[in-house]
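A short write-up of the structure that comes next.
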Amino acid sequence: MKKNEYIEAKCIDYTHDGQGIVKVDSFPIFVKNMLVNEVGKVKIIKVLKNYAVGRLIEIYEASPYRQVPLCPIFKQCGGCHLQHLSLAGQQNFKTKRVKDTLERIGHCHVGVQPCLMMEEPWYYRNKVQVPIGTQGNTIVTGFYKQHSNDIVPMDKCYIQNEASNQLINRVRILLQEVQETPYDKVTHQGNIRHILVKYAFTTQQLMLVFITYQKKIKKIDYLISTLKKEFPHLTTVIQNINSRHDNVILGDEVKVIDGPGYIEDQLLGNTYRISVKSFYQVNPIQVEHLYQKAIDFAELKPTDEVIDAYCGIGTISLSMAQYVQKVYGVEIVEQAIIDAKENAIRNDISNVEFTCQDAGEFMVEFAKKNKHIDVVMVDPPRKGCSQVFLDQLITLAPDKVVYISCDVATQARDIAYLQEHGYIADICQPVDMFPQSHHIENIVRLSYQKNID
């Protein structure tokens, strides 16, 4: 097989990120935008030792799940991966991906429920951060083309909420008007690096964050007054200063320029304060289904004491509080715990105790108290749980562990370890938090088998 060679092939499976897989003499070729059971003409564009990469040139036999992407820049933009795949096709892909990953990495053969999909899988994101650059003398905003630093100019994103789309477009025009300059990551000249917008679906409040390289923004008072007149729901404007020369988006210094520095949203009957660095699920419609499923799987009782590890601003902790005697929430991000404590007060919830600490260290100290815990709810970052955390979890031996994850591979790895120490996975429910992309949120419940030797 050689670069620039053309082949005719049938797609037999998907990679974890939704690329089609074809094989020639058992040698795999990954083909973007090709769907299972499609037959087409493929051009080989890269040949490596263990696999090749192909480009779909022509489709001879199309999948019944193929659809026309809604977004005109779908193929160039790196934001979405699966707009060419129908909702039913995405459900099949995501359900199978969870099942295959749990079995391959976790040696876990739990029954996987069909992925819980959105009825209207568009305009769902409540957070958007877009890089800003120039093309010629014009300021552009958009998303990076896959595997590059080139911005694909965009006026409308079909998975972001409309209010954020409109606000970003207006900010771009105003920055051009006041002659503010985008940051150039090669020369380290210019100022504006990213524009970040958070939107609360229930209150309609908007937060605008200028992520800058320099300390000042040109004519910032004019920018704010103009935007607030045109966007009455813009309740706070923040500057985040990032003078680093790497790909980290947010810097350490946060300046509240206008408003309280946070917005408020509602979830499962509670009100939450969301600051610039707060973790809050990006799909507020699906997150209610996600959290309610997790709570249902926990089978909570009024006498239960529960740990919510990696609790963020307390959304799961406070949602569980009404069902149990006590919830202990732990999170390493200081601002998130400040917000969580405020959220508990705001919602008049007194049976939740929040601690700012590494989750593993917290579990070590908790295990030393020899206190019984009935349920551990865990929703870690993409890298999964630390070894220290898992070891102390085993020491505590709660009756149930409900594990929520945005990375099924690390979740499966952790489940394999827990299964070696007395736990059995008995329920699994994928939830499509990220329609049109290959990402997936997954819930697995593990129950402790007390009679295991």
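The values are calculated or read from the model by the stated rules, or taken from the named source; none is laboratory data. The shown structure was predicted, so the numbers you read here are calculated from the model rather than taken from an experiment. So basically every Cβ, Gly included, is an ideal-geometry build from the backbone, and we count neighbours across all protein chains shown. The protein model used for the area step is the full one, side chains on, heavy atoms only, and it has no ligands, DNA or RNA in it. Shrake-Rupley method; radii C 1.70, N 1.55, O 1.52, S 1.80 Å.
Overview of results
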item	result
Karplus 3J(HN,Hα) series, Hz, for segment 256-265 with 6.51 cos²θ - 1.76 cosθ + 1.60 (x for Gly, Pro)	7, 8, 8, x, x, x, 7, 10, 10, 9
Inter-probe distance in nm under a simple model that places probes 7 Å from Cα toward Cβ, at LEU268 and ILE7	4.8 nm
Computed lengthening from HIS147 to TYR51, 0.36 nm per intervening residue step minus Cα-Cα distance	32.7 nm
Estimated FRET transfer efficiency (LYS219, ALA397; beta-carbon r; R0 45 Å; 0.05)	0.15
Rounded accessible area of ARG346 (nearest 10 Å², 1.4 Å probe)	70 Å²
Rounded to the nearest 20 debye, dipole of segment 292-349 from Cβ charges on Lys, Arg, Asp, Glu	100 debye
Fraction of antiparallel bridges per DSSP, the chain only, in percent to nearest 5	65 percent
Accessible-area order (highest first, 1.4 angstrom probe) of the listed residues ILE263, ILE57	ILE57, ILE263
Fully extended contour minus Cα-Cα distance, from LYS228 to HIS107, at 0.36 nm per residue	38.1 nm
Qualifying aspartates and glutamates (Cα of each under 14 Å from Cα of LYS127; at least 8 residues distant if same chain)	GLU162, GLU264, ASP265
Total charge dipole magnitude, segment 360-400, about the Cα centre, Cβ charges on Lys, Arg, Asp, Glu only, Debye to nearest 20	60 debye
Whole-Å distance, taken between Cα centres, linking segment 1-29 and segment 89-105	20 Å
Heavy atoms of GLU305: accessible area, 1.4 Å probe, square angstrom to 10	30 Å²
Calculated from backbone phi, Karplus (6.51, -1.76, 1.60) coupling profile of segment 136-142 in Hz, x at Gly/Pro	x, 9, 10, 6, 10, 10, x
Size of charge dipole - segment 84-198 - debye, nearest 20, with Cβ of Lys, Arg +1 and Asp, Glu -1, no other charges	340 debye
Value of relative contact order over the chain, rounded to a whole percent, pairs C-alpha under 8 Å and six or more apart	12 percent
Karplus-derived 3J(HN,Hα), 6.51/-1.76/1.60, for each residue of segment 85-101, Hz, glycine and proline x	10, 5, 4, 5, x, 5, 4, 4, 4, 6, 4, 5, 4, 4, 4, 5, 5
Residue-normalised accessible area of the chain, expressed per residue, 1.4 Å probe, Å²	46 Å²
Full-stretch length increase - ASP348, HIS421 - with 0.36 nm per residue and alpha-carbon distance subtracted	22.4 nm
Solvent exposure ordering (accessible area, 1.4 Å, most first) of HIS421, HIS194	HIS421, HIS194
Rounded, prolate or oblate (a/c below 1.5 giving rounded, otherwise prolate when a/b exceeds b/c) for the chain by Cα gyration tensor	oblate
Dipole of segment 268-363, positive end: most advanced residue of ASN283, ALA298, ALA336 [Cβ charges, Cα centre]	ASN283
